[in-house]
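A quick write-up on the structure given underneath.
The values are calculated or read from the model by the stated rules, or taken from the named source; none is laboratory data. Owing to the predicted nature of the structure, the values given are computational and were not obtained by experimental measurement. Cβ coordinates were reconstructed from backbone atoms using ideal geometry, including for glycine residues, and neighbour counts include every protein chain displayed.
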């Protein structure tokens, strides 16, 4: 008998696009492995989707875009969920796990600007829209004259604010534009030296129940081991600092893929900054154990004052 697999997703155009891309991959893999599965999407509205008139950092911390979807997983209403991994809290609910991290796409942030100007060429005091304290902190550190203002909404809505509300530019994750096929709108890709990405940015996290061995076996075929290793290190760093996705924390891991029987080497860069950009703590460590590496880097930044910055934001 054909098993129907229900896939949970947010209702935004980007969320549905990337969910459908995952479903097509799973369908192909199922056919190749002689599995008789049928897939159906379940669209779920999250707290982050409902509250659009408040800065994300003030809405209420972790899990803004996943909590309701995770509850549907626990209740058995859905069998797996497709998330943008950067939206996932460092700690998952008991009984849930990340069953797969497909191959990561470009993790960088990008600038979309009026007249296609690059960041260095924007006029003095330029208005830039972003929903992220992480971006605000690093952009202010790069150019203190910039006026960073909070914007919410889907990708298209935020881009339109350049024309409709007089912004000079907006900053978005490159991955969303790539998945929508809108790369031609990008004015400049921001290198991690300028704006370190969010934890897990550019990667999808496919979440499932830990006791559903059938789904776990299916998702294992979708998993990219090097992408999974990189985001595991980044998420370990986030977990040590007890940070959510809406605080000024960034991390990016690069994996040297091994030859023969060597172990993969992970280069992990992490940052914590003050919202005004006056303080940017950034370090890079190298190791082979992603969990240990993330904790070690988190401890290093904590010793430099990262915990105090984050505590002030949470109080």
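Quick notes on this structure:
- For the stretch 221-231, the criterion of being crowded, with 21+ Cβ neighbours inside 10 Å, touching a helix residue (DSSP H, G or I) at 6+ places or on another chain (Cβ under 7 Å), within 22 Å of residue 68 (Cβ to Cβ) and at pLDDT 95 or above is met by no residue.
- Residue within the stretch 124-143 that is assigned to a loop (DSSP other than H, G, I, E, B), farther than 24 Å from residue 279 by Cα and in contact (Cβ under 8 Å) with a residue 60 or more places away in the chain present: no
- Total residues in the stretch 267-288 satisfying the condition of being surrounded by fewer than 23 Cβ atoms within 10 Å (Cβ to Cβ) and either closer than 21 Å to residue 194 by Cα or without any contact (Cβ under 8 Å) to a residue 12 or more places away in the chain (or both): the figure is 15.
- When residue 259 is tested against (1) in contact with a helix residue (DSSP H, G or I) (Cβ under 6 Å, 6 or more places away or on another chain); (2) surrounded by fewer than 24 Cβ atoms within 10 Å (Cβ to Cβ); (3) at pLDDT below 95; (4) over 26 Å from residue 71 (Cα atoms), just one condition goes unmet, and that condition is (1).
- In the condition set (1) under 15 Å from residue 231 (Cβ atoms); (2) in contact with a strand residue (DSSP E or B) (Cβ under 7 Å, 6 or more places away or on another chain), residue 310 is compliant with all but (1).
Conditions tested, residue by residue: (1) at negative phi; (2) modelled with pLDDT of 95 or more; (3) out of contact with any strand residue (DSSP E or B) (no Cβ under 7 Å at 6 or more places or on another chain).
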| site | (1), (2), (3) |
| --- | --- |
| 30 | yes, no, no |
| 38 | yes, no, no |
| 47 | yes, no, yes |
| 60 | no, no, yes |
| 117 | yes, yes, yes |
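- Condition check for residue 166: under 22 Å from residue 248 (Cβ atoms) and either touching a residue at least 60 places away in the same chain (Cβ under 8 Å) or surrounded by fewer than 19 Cβ atoms within 10 Å (Cβ to Cβ) (or both): no
- Condition met for residue 51 (surrounded by 20 or more Cβ atoms within 10 Å (Cβ to Cβ), modelled with pLDDT under 95, touching a helix residue (DSSP H, G or I) at 6+ places or on another chain (Cβ under 7 Å) and over 19 Å from residue 238 (Cβ atoms)): no
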